[in-house]
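For reference, the structure discussed in these notes is given below.
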Amino acid sequence: MQIGQVRRKPIALLPTPVQELPRLTRKLGGPRLFVKRDDLTGLALGGNKLRKLEYALAEAEAAGATCAITSGAVQSNHCRLTVAACSLADLPCHLVLRGDPPPYPSGNLFLDCLLGAASLRFVQDSSLASGLAQSQTRVQQAVDELRADLVRQGQHPFVIPNGCTPLHGALGYAHCVREIVMQLHERNLAPDWLVTACGSAGTQTGLILGSELFCGGETRVVGMSVGQPEQIQLDRIAAALSDAYAFLGIPEPEHNRIVHDRYIGPGYGLPSRETIEAIRLTANLEGLILDPVYTGKAMAGLIDLIRNGEIGTECSVVLLHTGGVPGLFAAGQAERFGLPTEWH
């Protein structure tokens, strides 16, 4: 099957622009830096999940769904965009959120409510000492219970996994590479490196697939893990790529898969000193706002790879901005950035 024949429900404003970062390029002494503005995908303040949700909603429609369920952290970008996308498809969207209910909604949670989430269920987890795997198991149990409740009410719920399925990510972000290639071609350039945050790994999987389909595999794709060890992410990518090639019915080539886990910092959702530095530097030099969970960590990793010479000064590098800026307005972020929390 050709990738363009896979059914999707268009909801994102595409193509998103590619923006050059000349002042940051000069500050770092090269390479030539660009950012792919997938924070500008249009719906509900934008973000990378919309490319994936186009495929998820097409499947929900084909399945005759009457509502949707998805899950994520309390400040999940995926949940925000899923609620908004489901609204366009006339599907009430129920959320299962990992974390303690806050005293008041802020950041993405505020937007979940504003966008009309059908219901919110919190899987309280005041201590992560039990481990991420156990926490995810509890979330899945809550999703299964909610699904059963909705079925008993006569609904036909469609469950969208956190971050969508790996296949949705592969399809959506292969197309993103095609956009980047065409946009840089207008400048007589080709992308040497694509840099992205790596969470559920679907976005990086798609970029690798797109590099093979549209760049002959010559564009290197590097992911900066935001929470999981390198090997876990590499295993996820390997499995997702195999599934994508099998789905498309084309042979799978050898891939150069690169994931770094040294930029995670204190943990998922917790920006390191280097992340805060990268967000401040990019904002001050380019007026570009990055989020503290995903693209801020990706930029911190990119800056480090440039400074230590792992990315050459003659290269053209495209950083994928996956969105998530509402996370900057969540409770506690001002303190992390050393900003005043009250004025005298």
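Please treat every number below as a calculation from the coordinates, not as lab data. For clarity, every value in this text was computed on a predicted model and none was experimentally measured. Neighbour counts are summed over all protein chains in view; Cβ atoms, including those assigned to glycine, are modelled from backbone coordinates with ideal geometry.
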>> I'd like the distance between the alpha-carbon centres of the range 64-96 and the range 137-195, rounded to an integer number of Å.
In response: 12
>> List the residues, sorted by chain then number, that are 5 or more residues from Arg121 or on another chain and whose placed amide H is less than 5 Å from its amide H.
In response: Leu95, Val96, Leu97
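Can you sort Arg336, Arg98 so the residue with the fewest Cβ neighbours within 10 Å comes first? Walk me through the numbers before you get to the answer.
Numbers: Arg336 16, Arg98 21.
Result, fewest neighbours first: Arg336, Arg98.
Which of the GluC sites (Glu not before Pro) found in the range 244-303 are loop residues per DSSP with 12 or fewer other Cβ atoms within 10 Å of their Cβ? Before the final figure, lay out each step's value.
Details: sites: Glu254, Glu274, Glu277, Glu286; in loops: Glu254.
Sparse-neighbourhood loop GluC sites (Glu not before Pro): Glu254.
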>> Shape verdict for the chain, please, from the Cα gyration tensor: rounded (a/c under 1.5), prolate (a/b greater than b/c) or oblate.
In response: oblate
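Under 8 Å for C-alpha pairs, at least 6 residues apart: give me the relative contact order for the chain, rounded to a whole percent. Write out the running numbers ahead of the final one.
Numbers: 662 pairs, mean separation 72.1, N = 344.
It rounds to 21 percent for the chain.
Wrap a convex hull around the Cα atoms of the range 165-302, take a quarter of its surface area, and give that in square nanometres. Walk me through the numbers before you get to the answer.
Numbers: hull surface 33.3 nm².
Answer in nm², one decimal: 8.3.
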> If the cut-off is a Cα-Cα distance under 29 Å, which lysines reach Lys52, setting aside same-chain residues fewer than 8 apart in sequence?
Replying inline: Lys9, Lys36, Lys297
> With θ set to phi - 60° and the Karplus curve 6.51 cos²θ - 1.76 cosθ + 1.60, what are the ³J(HN,Hα) couplings of the range 213-225 in order, to the nearest whole Hz, using x for Gly and Pro?
Replying inline: 6, 10, 10, x, x, 7, 7, 7, 10, 10, x, 9, 4
> What list of whole percents do you get for P(r) of the range 49-160, with Cα-Cα distances grouped in 10 Å bins up to the one holding the largest distance?
Replying inline: 15, 46, 33, 6, 0
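Using just the alpha carbons, could you tell me how many Å³ per residue the convex hull of the range 202-248 encloses? Walk me through the numbers before you get to the answer.
On the way: hull volume 3.2 nm³, N = 47.
Expressed per residue, the convex hull around the Cα atoms of the range 202-248 is 68 Å³.
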>> Can you tell me which aspartates and glutamates have their Cα less than 18 Å from the Cα of Lys27? Leave out same-chain residues fewer than eight positions away.
In response: Glu274, Glu277, Glu286, Asp304, Glu310, Glu314
>> Can you compute the radius of gyration and Dmax for the range 189-229, using only the Cα atoms, both in Å?
In response: 10.5, 34
> Picking from Ile232, Ile258, Ile160, which is most flexible by a Gaussian network model of the chain using Cα springs under 10 Å?
Replying inline: Ile232
> Taking only the alpha carbons of the range 8-89, what extent do you get along each of the three principal axes, in Å, biggest first?
Replying inline: 54, 27, 16
>> Give me Lys49, Lys9 sorted ascending by neighbouring Cβ count inside 10 Å, so fewest comes first.
In response: Lys9, Lys49
